[in-house]
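Below is one structure, written out as structure tokens; the observations come after it.
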Amino acid sequence: MGYDALFFNGSDDSHLIATALAQERVILTRDTQIMRRRVVTSGRLRAILITGDKPEQQVRQVIDSLNLDCQLRPFTICLECNQALLERSKQQVKDRVPPYVFQTQNQYMECPSCHRIYWRGTHWQAMSKKLEKFMKSPAG
Ligand SMILES: [Zn+2]
């Protein structure tokens, strides 16, 4: 969706909260303990308790809670590194993508950090359809 996001897989909640405060992030969590912390209840740090079990419900909840625009900048950030992707010409990626992809795709993006190449393949199309669905259908 093009939103800067960090995945936190540590068990140290204090570190999570310090990072969120320092980088002005919103915490998305299923941990009710975090929601009870003073820094959250006082409104100093925004946190959203994710309630759905299915990924679609969870994304829907985040979109609604934060008033996100799904079509703002889809597919502009590396899924692995959180870095803004850079446009690349077909020639620039010639030897770095599978031959079939090179023959059929004209638009490419590269992550400046991990150098992964992205193109509008089947995964991209499937994600686009999902995002469109989130935009059109009401919650539930
Ligand atoms: Zn990357």
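Brief remarks follow.
- If the condition is being within 16 Å of the ligand (Cβ to nearest atom), of a type outside the set (A, V, I, L, M) and open to solvent by less than 70 Å² (accessible area, probe 1.4 Å), then the stretch 53-82 contributes F75, T76, C78, C81, N82.
- The stretch 10-35: number of residues that are among the basic types (K, R) and either open to solvent by 70 Å² or more (accessible area, probe 1.4 Å) or in a helix (DSSP H, G or I) (or both): 1
- Every pair of residues 6+ apart whose Cβ atoms lie under 6 Å, when the first sits in the stretch 106-120 and is under 13 Å from L79 (Cβ atoms) while the second is near the ligand (Cβ under 8 Å from one of its atoms) and open to solvent by 60 Å² or more (accessible area, probe 1.4 Å): C111/Q83; S113/Q83; C114/E80
- On inspection, K130 fails the criterion of being of a type in the set (K, R) and free of Cβ contacts under 8 Å to residues at least 40 places away in the same chain.
- For the stretch 45-100, filtered to residues that are in contact with an Asp or Glu (Cβ under 7 Å, 6 or more places away or on another chain), at pLDDT 90 or above and assigned to a strand (DSSP E or B), the residue that is nearest to A20 (Cα to Cα) is L86.
- Whichever residue in the stretch 83-114 is in contact with a Phe, Trp or Tyr (Cβ under 9 Å, 6 or more places away or on another chain) and closer than 15 Å to D4 by Cα and, among such residues, is farthest from the ligand (Cβ to nearest atom): L85
- Scanning the stretch 115-125 for residues that are more than 9 Å from the ligand (Cβ to nearest atom), surrounded by 14 or more Cβ atoms within 10 Å (Cβ to Cβ) and not aromatic (F, W, Y) yields I117, R120, G121.
- Qualifying residue in the stretch 66-81 (condition: touching a Ser or Thr at 6+ places or on another chain (Cβ under 9 Å) and farther than 20 Å from S128 by Cβ): yes
The values are calculated or read from the model by the stated rules, or taken from the named source; none is laboratory data. Quick caveat, the model's predicted, so the values are computed rather than measured. Cβ sites come from the backbone with ideal geometry, for glycine too, and all protein chains shown count toward neighbours. Please note that ligands, DNA and RNA were not included when accessible areas were found on the heavy atoms of the full protein model with its side chains. Shrake-Rupley method; radii C 1.70, N 1.55, O 1.52, S 1.80 Å.
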